[in-house]
Protein chains: 2
Amino acid sequence: MKNPIADLNKIFDSRIRLGVMSMLVVNDEIGFNDLKQMLELTDGNLASHLNTLEQAEFIKVHKGFIGRKTSTTYSITELGKQAFKAHLDALEKMIKKL
Amino acid sequence: MKNPIADLNKIFDSRIRLGVMSMLVVNDEIGFNDLKQMLELTDGNLASHLNTLEQAEFIKVHKGFIGRKTSTTYSITELGKQAFKAHLDALEKMIKKL
DNA sequence: AAAAGTGCTTTGTTTTTCAAAGTTAAATAA
DNA sequence: TTATTTAACTTTGAAAAACAAAGCACTTTT
């Protein structure tokens, strides 16, 4: 038998980062404020988790405008998709015995 | 839309506690040392996570003997089963859109 | 001009995690 | 019988992570 948790990605141990990724898998682009409201987070908390995901190159930032208002949105990268899928696969392997 | 991570159980944010539970769901009883080896943990680390799960009444301890050697084993409680299942359901809801 | 929104960064506290060492008690080896 | 080992912890302390709150730069709305 092998260690069932070894294949889980440390980055996704955080429920918040897990939530961000799960939202970005199904939405091509999501704004900072939408994430903030959906996940019920403070600005700083969200920003730092987004930063972690960005450092890992699991998400990408897009700074743009809606009209003349700044608007920052985020999207998942290919690497992010792969890593997230691998994590879910590892999770499934742990629990599929049910 | 509602917060997708709100229904995740904080206790299962930890990969280690998640691993313990996933093992206890499929095995009626597991020994301290078996858990330790499977999850590759130090005594103290495992003991403290087991303690957290016990405080929550998600697992139960059985102190016994193998021959005349002490042997501590752990099993999942009904409450533990329910909580774990609820957590997995919440996880699934987050990601089933895939 | 004042107030408010966006998207951060910085600061500092609290919480969590973890390894290492110490502990107790029994078992076995010397 | 003394020493060592194993099991299963507890305690200690340090490092890492999470988080809220405040500050900031910029722009828009009032």
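Once amide H atoms are built 1.01 Å from N in the peptide plane, which residues 5 or more positions from A:Gly31, or in another chain, come under 5 Å H to H?
Under 5 Å from the amide H of A:Gly31 lie the amide H atoms of A:Tyr74, each far enough along the sequence or on another chain.
Between the label point of A:Asp13 and that of the same position in each other copy, find the distances and list them shortest first in nm, with every label point placed 7 Å from Cα along the Cα-to-C-beta direction.
1.2
Farthest toward the dipole's positive end in region B:12-95, which of B:Gln82, B:His49, B:Leu18, given Cβ charges of +1 (Lys, Arg) and -1 (Asp, Glu) about the Cα centre?
Checked the options; the winner is B:His49.
Taking a point 7 Å out from Cα toward Cβ as the label site, list the nm distances between B:Lys96 and the same residue in every other copy, smallest first.
The projected label point of B:Lys96 is separated from its counterparts by 1.8 nm.
Mind checking which aspartates and glutamates have their Cα closer than 18 Å to the Cα of B:Lys63? Skip sequence neighbours fewer than 8 apart in that chain.
Within the straight-line limit of under 18 Å, B:Lys63 reaches these aspartates and glutamates: B:Asp28, B:Glu29, B:Asp34, B:Asp43, B:Glu54.
Tell me the Rg and the Dmax, in Å, that the Cα atoms of region B:12-95 produce.
13.2, 48
Taking only C-alpha pairs under 8 Å that are 6+ residues apart, what is the relative contact order of region A:10-92 in percent?
Computed over region A:10-92, the figure is 31 percent.
Spelling out what I want: for every residue of region B:49-57, take phi, set θ = phi - 60°, compute 6.51 cos²θ - 1.76 cosθ + 1.60 (Karplus), and round to whole Hz; glycine and proline get x.
For region B:49-57, the Karplus-derived couplings read 5, 4, 5, 4, 5, 6, 4, 7, 6 Hz, x marking Gly and Pro.
What are the lysines whose alpha-carbon lies under 26 Å from the alpha-carbon of B:Lys93, with same-chain residues fewer than 8 places away excluded?
Counting by Cα, and skipping residues close in sequence, B:Lys93 has these lysines nearby: A:Lys10, A:Lys36, A:Lys60, A:Lys81, A:Lys85, A:Lys93, A:Lys96, A:Lys97, B:Lys2, B:Lys10, B:Lys81, B:Lys85.
Would you kindly work out, in nm and rounded to one decimal, the distances from the label point of B:Lys36 to those of the same position in each other copy, ordered shortest first, with label points 7 Å along Cα-to-Cβ?
4.8
We did not get these values from a lab; they are worked out from the coordinates using the rules stated. It should be emphasised that the depicted structure is a prediction, and the values quoted were computed from it without experimental measurement. Cβ atoms come from the backbone with ideal geometry, glycine included; neighbour counts cover every protein chain shown.
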